[in-house]
Amino acid sequence: MALIQMNYMSKALFRLVPVNVILPSDKFDADTNRYLIPAGHKFQTLYLLHGLLGNYTDWVSRTRIQMWAEEKNLVVVMPSGDNSFYFRSRTPWNNYETFIGQELVEITRRMFPLSERREDTYIAGLSMGGYGAIRNGTVFSDTFSHVAGLSSALHLFDDLSEENDIGLFDNLQEASKTNLNPRIAVEEMLEDKRNIPAFYMACGRQDDLMRVNEDFRDFLREKGIDVTWDEADAGHDWNFWDCQIQKVLEWLPLC
């Protein structure tokens, strides 16, 4: 297995962005000091998003994702999303929506032997990254077949008072009527008859975000969308996410 740290010039963000990539391999050739990947093999891929105040190193340094990805023969791509909530903000050169949903997928497919099949392409995240995974997995549902949100920060549009505006929106009331609101994103996906991903959601019972996650789970079920739910006695913490990311990999249709 290789853990690759790379930087590339993002056109969507107009700057160098760091990304960690877990690239598994069944064999290592000690004579050539090279990992061997069978000719023509295309890896299934998980795009994994960090939370607020985090970066591209979080998942590797605070969970056992490397070990589990190797066991599952899964490529995991972990970008830095800053504190963007992974959408296109009002400030210039911060089009994280295009970065996550299109550009990063396209460039990693050119760099690594990744499957281009929707059925082999997944997105997940925690907290802010859970919002980013759910929202972008819905907006780009023709790219991602499975979406997992852990302790997802789905509260952004729960309270539309000015005091709740975290500064990412020109107008929180108006933003709530667009697909920045995951509920609107789901409605648009269904109306446009796009591919519908399968969802996995989980939250700790002692997490302040439990209620909004339960509400969104119920919303998906009311729309007839496949959603797997899990919960545990836990707060908003890495012990919970370490356990949950293993469950996510078990849930994904990996071969």
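The values are calculated or read from the model by the stated rules, or taken from the named source; none is laboratory data. These figures come from a predicted structure and were not determined experimentally. With ideal geometry, Cβ positions are generated from the backbone for all residues, glycine too; neighbour counts draw on all protein chains shown.
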Starting from residues that are surrounded by 12 or more Cβ atoms within 10 Å (Cβ to Cβ), among the charged types (D, E, K, R) and modelled with pLDDT under 90, keep the ones in the range 153-186 and report whichever is nearest to Arg217 (Cα to Cα). Asp158
Before we move on, is His146 surrounded by 20 or more Cβ atoms within 10 Å (Cβ to Cβ), closer than 28 Å to Thr63 by Cβ and touching a strand residue (DSSP E or B) at 6+ places or on another chain (Cβ under 9 Å)? yes
Taking Phe169 as meeting all but one of (1) assigned to a loop (DSSP other than H, G, I, E, B); (2) within 23 Å of Val60 (Cα to Cα); (3) of a type in the set (Phe, Trp, Tyr), write down the number of the exception. (2)
Might you check whether a residue that is within 19 Å of the chain's Cα centre (by Cα), surrounded by 14 or more Cβ atoms within 10 Å (Cβ to Cβ) and over 21 Å from Pro182 (Cβ atoms) occurs anywhere in the range 23-33? yes
Would you tally the residues in the range 35-61 being farther than 13 Å from Ser115 by Cα, in contact (Cβ under 8 Å) with a residue 12 or more places away in the chain and aliphatic (A, V, I, L, M)? 6
Output the residue which, of all residues in the range 225-255 that are assigned to a loop (DSSP other than H, G, I, E, B) and in contact with a Leu (Cβ under 9 Å, 6 or more places away or on another chain), is surrounded by the fewest Cβ atoms within 10 Å (Cβ to Cβ). Asp226
All but one of (1) more than 22 Å from Thr143 (Cβ to Cβ); (2) at pLDDT 95 or above; (3) touching a strand residue (DSSP E or B) at 6+ places or on another chain (Cβ under 9 Å) hold for Thr63; state the number of the condition that does not hold. (3)
